[in-house]
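Here is the structure we will look at, set down as structure tokens.
The values are calculated or read from the model by the stated rules, or taken from the named source; none is laboratory data. The shown structure was predicted, so the numbers you read here are calculated from the model rather than taken from an experiment. All Cβ positions, even for glycine, are placed from backbone atoms using ideal geometry, and neighbour counts span all protein chains on display. We work out accessible area using only protein heavy atoms, side chains counted, and drop any ligands, DNA or RNA first. Shrake-Rupley method; radii C 1.70, N 1.55, O 1.52, S 1.80 Å.
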There are 2 protein chains.
Amino acid sequence: MATIRELARQCGVSVATVSRVFNRPEVVNPDTRKNVLDTAARIGYLPNESARTLATKKSHMVGLVWDTHHRRPGWRHPFLQEILIGLKTALSDRGYHLLMLATGDGEGSHDRAVRRHDLDGVVFIDDGTEDPALLRLAGSGVPCVSLDRPVTGPRATHVISDNAGGARGAVHHLHGRGRRAIATIAGPVRTAPGAERLAGYRAALAELGLPARGEYVAEGDFYLAGGHAAMRRLLELDERPDAVFVAGDEMAIGAIRAITEAGLRVPEDIAVVGFDDIELAALVQPGLTTVAQDKAGFGTAAATALIAMIDDPAAAPPPPAVLPTTLVVRGTA
Amino acid sequence: MATIRELARQCGVSVATVSRVFNRPEVVNPDTRKNVLDTAARIGYLPNESARTLATKKSHMVGLVWDTHHRRPGWRHPFLQEILIGLKTALSDRGYHLLMLATGDGEGSHDRAVRRHDLDGVVFIDDGTEDPALLRLAGSGVPCVSLDRPVTGPRATHVISDNAGGARGAVHHLHGRGRRAIATIAGPVRTAPGAERLAGYRAALAELGLPARGEYVAEGDFYLAGGHAAMRRLLELDERPDAVFVAGDEMAIGAIRAITEAGLRVPEDIAVVGFDDIELAALVQPGLTTVAQDKAGFGTAAATALIAMIDDPAAAPPPPAVLPTTLVVRGTA
DNA sequence: CTGAAAGCGCTTACAG
DNA sequence: CTGAAAGCGCTTACAG
């Protein structure tokens, strides 16, 4: 590998000049600049990132804390792949790479990695658990953006869907279809999406002048089995609902299964609206009517927020990005 | 951040000694070793990775080339998330991090990133297209392991499922269920999984003494719509098949849809076996009988192979890892 | 607009 | 078993 010294020699300039053409090209004479660039291309010179990072403390790498937890082994984000695409694309457009942080090598592994590698920022995508290492990280002053949950810190912000708005829209849609006994299967209220979607459901009920019945709220866990179990509880009610807003698509699929097993039909007997718009939603039959999240938008918004913080160390963190949702009407409501 | 110099000062030793306790602890006096380790923990010393990499040319980072191509924008690997988990876990157990390589910043971006960051190795997970940058990388001498496709290079190997064996098993299963007119919907034969599964299908036919009819082979593209279209072609045949081995679960779901639309039943009229065992396979109704791949095994095997090459620069690359498959019998065959 | 020099935080022969 | 010193490949005031 050609080094900066070798390139400088071949161009007859100092290494300082070569360095400048790569970092502040505008300050160097156009002719020498061109010469340096040309011979760099010819001999295949590439600035070494470790040396750069060592000198500048900027690694041009962003950490991704994606927790494949001990506590919740099989945790899957409903659309990790899409988020990754958005993140990676937006980041690489700005010259940043994504470093997937190993987890589980003991407490505090994340902040250690951040310091050892001089990471410029980090994005969290976790299951909402209060991990002390994450809190410490967010509090430490490195730019952080978290997905799907609020964080606090001097340079931390988050991106989240308009969960309440999406939920409201779903309930209004159900109401528009003539349903009046509208139940919900909520996500865990300790998570922001769980709590906000439930709040949106309640708000819509109030707006529509529908009674808020406690027994119409069943809590699930965002997984299929949880949705199934919650629906069974709902089906045992004396006044069976004629519609249910389910706070996650996987749970909605489980709920539909429970309804079918009970000998009832969707949407005729009970209409169902989900949330997320996972791939599966379009593939089941009938297609799942659901509140779609802007999947790629998560990645893009996270990258944008992160880079804003990285570019201006003095600025306050950008406000949380709230992504609009879209109701996708298919067959279940 | 405490540096090695600061730590050395506090311990009353030279930086060389401190460096040794972290890199070759066995050569330093147990007492001084303990002292260094203790004060390191106390003052929160962490070796800086950039400085290490600069000095040693080992970054302890492995690149992941995951092509979200221009040529095939929406390309999704059926179980990227699971592979990522396996990879990340196995890698981090050995102290390596995963760097997701940006793509699209022009030709050759991958090999440039590898050189700039002194990556210790790279794993490819792509759609099988012949990307010159990848070939160059594999030929360059950095340890490479590719998923789902063979590669050649001085230090390259790959991990792949026993595609032919899995396909054979599927056809034998169909035969055991009494089916004799067994068709297949193949993946693109330019991909290794596509070609090998087709070969396995043909081998099984021969073993079973069944005729190999050209019109019973329909080529799909691994996507749902392709499977749907291929099945429609098969349904138009004079001698309609009574079973079909579909080389991918998504295509299988599409095929089932086509069968249903034609007013036929699965498995009564036509039995279906898929390949992959994607999440969806267990969720559709009836459940899809399919050849399961060892998802986490991909990541683990890739990490193992990579680390073997990294650890012994002189050794020949390990032979390709061929992962066994498992037939999962559900409702469609 | 350009160069000489110090410095970033480690590792590693080489002596002892 | 340990230390002094050179070196890894850059960047960045500081002069000029």
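Kindly evaluate B:ASN35 against the criterion of being more than 10 Å from DNA strand D (Cβ to nearest atom) and either away from every other protein chain (no Cβ under 13 Å) or open to solvent by less than 40 Å² (accessible area, probe 1.4 Å) (or both). Let's see the steps before the verdict.
Details: more than 10 Å from DNA strand D (Cβ to nearest atom): no; either away from every other protein chain (no Cβ under 13 Å) or open to solvent by less than 40 Å² (accessible area, probe 1.4 Å) (or both): yes.
No.
Here is a list: B:ALA90, B:ALA51. Which entry is part of a helix (DSSP H, G or I), modelled with pLDDT of 85 or more and within 7 Å of another protein chain (Cβ to nearest Cβ)? Give the derivation first.
Values: B:ALA90 fails: within 7 Å of another protein chain (Cβ to nearest Cβ).
Step by step, each of B:ALA90, B:ALA51 is checked, and only B:ALA51 is part of a helix (DSSP H, G or I), modelled with pLDDT of 85 or more and within 7 Å of another protein chain (Cβ to nearest Cβ).
Answer yes or no as to whether A:ARG33 is of a type in the set (Lys, Arg), more than 27 Å from B:SER140 (Cβ to Cβ) and assigned to a helix (DSSP H, G or I).
Details: of a type in the set (Lys, Arg): yes; more than 27 Å from B:SER140 (Cβ to Cβ): yes; assigned to a helix (DSSP H, G or I): yes.
Yes, satisfied.
So, in region A:2-13, of the ones that are within 11 Å of DNA strand D (Cβ to nearest atom) and touching a helix residue (DSSP H, G or I) at 6+ places or on another chain (Cβ under 6 Å), which residue ends up farthest from B:SER140 (Cα to Cα)?
To start, the set of residues in region A:2-13 that are within 11 Å of DNA strand D (Cβ to nearest atom) comprises A:2-8.
The next check asks that each one be touching a helix residue (DSSP H, G or I) at 6+ places or on another chain (Cβ under 6 Å); those that pass are A:2, A:4-5, A:7-8.
Numbers: A:ALA2: 16, A:ILE4: 22, A:ARG5: 24, A:LEU7: 22, A:ALA8: 26 Å.
Step by step, filter region A:2-13, then rank; the result is A:ALA8.
Being more than 12 Å from chain A (Cβ to nearest Cβ) and modelled with pLDDT under 90: is that true of B:ASP126 here?
yes
For B:ASN163, all conditions in the list (1) under 17 Å from B:ALA305 (Cα atoms); (2) open to solvent by less than 20 Å² (accessible area, probe 1.4 Å) hold save one; what is the number of the exception?
Condition (1) is where B:ASN163 drops out.
I'd like to know if region A:10-25 contains one or more residues that are among the small types (Gly, Ala, Ser), more than 14 Å from chain B (Cβ to nearest Cβ), within 13 Å of DNA strand C (Cβ to nearest atom) and in a loop (DSSP other than H, G, I, E, B). Break it down stepwise before answering.
Pass one, region A:10-25, residues among the small types (Gly, Ala, Ser): A:12, A:14, A:16, A:19.
Adding the requirement that they be more than 14 Å from chain B (Cβ to nearest Cβ) leaves A:12, A:14, A:16, A:19.
Checking which are within 13 Å of DNA strand C (Cβ to nearest atom) leaves us with A:12, A:14, A:16, A:19.
With in a loop (DSSP other than H, G, I, E, B) added as a condition, the list becomes A:12, A:14.
Yes, because at least one residue in region A:10-25 is among the small types (Gly, Ala, Ser), more than 14 Å from chain B (Cβ to nearest Cβ), within 13 Å of DNA strand C (Cβ to nearest atom) and in a loop (DSSP other than H, G, I, E, B).
Keeping to region B:41-51, report how many residues are surrounded by fewer than 20 Cβ atoms within 10 Å (Cβ to Cβ) and within 12 Å of DNA strand D (Cβ to nearest atom).
Count: 1.
If a residue must be touching a Lys or Arg at 6+ places or on another chain (Cβ under 7 Å) and open to solvent by less than 40 Å² (accessible area, probe 1.4 Å), how many such residues does region B:192-218 contain?
The first filter runs over region B:192-218 and keeps only residues touching a Lys or Arg at 6+ places or on another chain (Cβ under 7 Å), leaving B:192, B:200, B:203-204, B:210, B:212, B:218.
If we keep only those that are open to solvent by less than 40 Å² (accessible area, probe 1.4 Å) as well, we get B:192, B:200, B:203-204, B:210, B:218.
Qualifying residue count for the region: 6.
What tally of residues in region B:34-58 results from selecting those that are within 7 Å of DNA strand C (Cβ to nearest atom) and closer than 12 Å to B:VAL18 by Cα?
Final tally of qualifying residues: 3.
Within the set of pairs 6 or more residues apart or between chains, which connect a residue that is more than 23 Å from A:GLY248 (Cβ to Cβ) inside region A:288-313 to a residue that is of a type in the set (D, E, K, R) with Cβ atoms less than 6 Å apart?
A:ILE307/A:ARG94; A:MET309/A:ARG155; A:ILE310/A:ASP120
Any residue at all in region A:227-246 that's of a type outside the set (Ser, Thr, Tyr), within 14 Å of chain B (Cβ to nearest Cβ) and either at positive phi or out of contact with any strand residue (DSSP E or B) (no Cβ under 7 Å at 6 or more places or on another chain) (or both)?
Yes, that holds for at least one residue.
Tell me which residues, restricted to region B:212-228, are under 11 Å from B:ALA183 (Cα atoms) and not acidic (Asp, Glu).
Within region B:212-228, B:ALA212, B:ARG213, B:GLY214, B:TYR216, B:VAL217, B:ALA218 meet the criteria.
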